[in-house]
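Okay, so here's the structure we're looking at.
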Amino acid sequence: MFHPPSRPPSSRRYSRRETLWLLSLTTAGWASSSLLSGCSVNPVTGEQQLMLMSPAQELAVDRQHAPQQFSNDFGAVQDEALNRYLTRVGQEMAQLSHRPQVPYNYRAVNATHVNAYTFPAGSTAVTRGILLEMQNEAELAALLGHELGHVNARHAAQRQTRSLFTQLGLSGIGYLSSYYSQTAGMLVNSLGGVTSKALLSSYSRDDERQADALGMAYMAKGGHNPAGMVGLMELLSAQSKQKPNALETMFATHPMSRERLSTAKRRFQESYRNHQAAPNNRARYMDHTATIRAQKPTIEWIQKADTALANKQVSQAESCLAKALKSTEDDYTALVKMAKIQLAKGDARGAKRYVELAKHSYPNEAQALHVAAITNLTSGNPSAAHEDLLAYERVVPGNPQTTFLQGKALDDMQRPSEAARYYRAYLRRGSRDAYSHYAQQRLQQWSQTNPQP
Ligand SMILES: [Zn+2]
């Protein structure tokens, strides 16, 4: 158990154990719990059903969580033509869906694992990892059509009803116990990219079936060849054999089964044979994803690094990331992952070097600022950490991790009344974890030495 120091540890370097403790701060508990209950009509089935989330609350979930999740996935790819292309393919189908009024938005994100996800009000991301594997626009339409299916059938709102937030709480406990059983490998592996599992936690097999069926209907309506759904399912099945680790998150959020592939094949034969001549627009897909395929070696080295981390082979992961950076020297994802590994190894100077390069490569992305803050905090430079956190807050406002870390930075800067404000704000979030325990203890220590704060 980590005990807070008895006096403010101003300008002192943190031990590796303390560094790991700060690194394991998660977004767990960062969820609104003010839920109204009510019945509403399911837009797809037309049936009345209990929904604990209104469309306005769906929108609030997107606003509150999507920016953080995109940042965890290393931000939007800096290729406006690609993002516009995803938007066009997604929006064309969305306008033909059951809920055209939802404010759908689309971007490619820099994460290299194979995944795609949508928040309940249509904020959608597709990773570099899956863009690299898909072969034509019909497969992309199948992927976005499936995601549209979840939004249109309001699966998140239904799942919310089945107490999503209980799951969120549990995942937080999981992270903390991984800290206490601590090995650096486990911890590094839990850094970033994992939140989607908690936030966008698993849809049921029934939801997946319905999303596949709706996806095929939307893509056919939009003039795509519905065989793209079969292609997508084949791609995912093949990937699960070749690179099981790269798909872990995809399967955690969208349970995959052999049945989904055979259902897609059967549905195509039974219901969509008259769409057989529809185009799959391979050339157009290839043109718009050329920058992603040019990064193939980089993306694959990062995937190998993730596999190594999953097997707790930290130095192996480091050498894979070095190769990724040799292939693309300013790859933001590789730079941030490398910085975290240095930090977890206790090499703050190494971490600082990589994190500065990451900040330079993507100046408007938040995750590097977060890592920079922990690097500065743990190497006895709390005022620089304070600046990093202010910059982070401008990019992704409202993250409780930032609130706690600001408290810690100001605490280390010997500015207790400001630190106390942040610690209290963190406690007001209501999450009970090692950080709230720490904040509570500091506030108690101050109230004992100075009863009128
Ligand atoms: Zn799904």
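What follows is calculated from the coordinates using simple rules that are stated; it is not laboratory data. The structure presented is a predicted model; accordingly, all values stated were derived computationally and were not measured. Positions of Cβ are generated from backbone atoms using ideal geometry, with glycine treated the same way; all protein chains shown enter the neighbour counts.
With the biggest extent put first, the Cα atoms of the stretch 269-371 measure 62, 32, 24 Å across the principal axes.
Of M134, M219, the sequence from fewest to most neighbouring Cβ atoms within 10 angstrom is M134, M219.
The stretch between R284 and N364 holds 25.8 nm of extra length on full extension. This uses 0.36 nm per residue minus the Cα-Cα distance.
Around the amide H of S123, modelled in the peptide plane, lie the amide H atoms of N105, all under 5 Å away and 5 or more residues distant in sequence or on another chain. Remark: spin-label model distance K265-R424 equals 6.5 nm, labels positioned 7 Å along the Cα→Cβ axis. Going from the residue with the fewest nearby Cβ atoms within 10 Å to the one with the most, L236, L335 rank L236, L335. Computed over the Cα atoms of the stretch 307-453, pair by distinct pair, the Kirkwood hydrodynamic radius stands at 16.4 angstrom.
Annotation: extensible slack from S417 through Q445 equals 8.8 nm (criterion: 0.36 nm per residue apart, minus Cα-Cα distance).
Within the straight-line cut-off of under 24 Å between alpha carbons, the lysines reachable from K345 are K304, K312, K323, K326, K337, K359, K408, sequence neighbours fewer than 8 places apart in one chain being disregarded.
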